[in-house]
Amino acid sequence: MTETDAVTAPDIENDRPTKPALFKGWRRKCPECGKGDLLHSYLKVNDRCGNCGLDLSGHRADDGPAYLTILIVGHLMAPILHVVYFAYRPEPLVTFTIFSIGCLASSLYLLPRLKGVVVAYQWARRMHGFDDRA
């Protein structure tokens, strides 16, 4: 590492703060400007931001958002199901219906938001197609 690299490395890491980018991604907005839409048609990532023109085509979200959604929904619903079952002993069909709807609704709510978070994290950390230093 040269002296020049040591001086510019912290500046490059701090020019894209991660936490604000993650909040913008959660809102499904562009991680750079926070105004343009990140997604269209539920889960499709726009090629470019409509506001600032950021190229979003290099993202690699793949299965990450689905995995995170399953992880979060499972960790929320399993303890709730356990408590409800032992506290109230509802009928099996009632339990199945309520928890199926709960899992479906929470999954549909979380999936696009987590996709926005994954794309924003990749942008903030200059991963995949978001490294414009080269």
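The values are calculated or read from the model by the stated rules, or taken from the named source; none is laboratory data. None of these values were measured; they are calculated from a predicted model. Don't worry about glycine lacking a Cβ; one is built from the backbone with ideal geometry, like all the others, and counts go over all protein chains shown.
Below is a table of values for the structure above.
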{"item": "Asp15 being of a type outside the set (Phe, Trp, Tyr) and modelled with pLDDT under 95", "result": "yes"}
{"item": "Selection from segment 52-99 of residues that are modelled with pLDDT of 95 or more, among the polar types (S, T, N, Q) and closer than 30 Å to Leu39 by Cα", "result": "Thr69"}
{"item": "Yes/no for Leu76 being exposed (fewer than 15 other Cβ atoms within 10 Å of the Cβ), touching a residue at least 24 places away in the same chain (Cβ under 8 Å), assigned to a helix (DSSP H, G or I) and under 18 Å from the mean Cα position of the chain (by Cα)", "result": "yes"}
{"item": "Any hit, segment 25-46, residues being at pLDDT 95 or above, within 13 Å of Tyr121 (Cα to Cα), of a type in the set (A, V, I, L, M, F, W, C) and not in a loop (DSSP other than H, G, I, E, B)", "result": "yes"}
{"item": "Residue in segment 89-112 that is of a type in the set (D, E, K, R) and farther than 17 Å from Leu22 by Cβ present", "result": "yes"}
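Residues are listed down the side, and each one gets a yes or a no for (1) farther than 19 Å from Asp132 by Cα; (2) of a type in the set (Asp, Glu):
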site: Arg16; (1), (2): no, no
site: Lys35; (1), (2): yes, no
site: Lys44; (1), (2): yes, no
site: Asp62; (1), (2): yes, yes
site: Leu81; (1), (2): yes, no
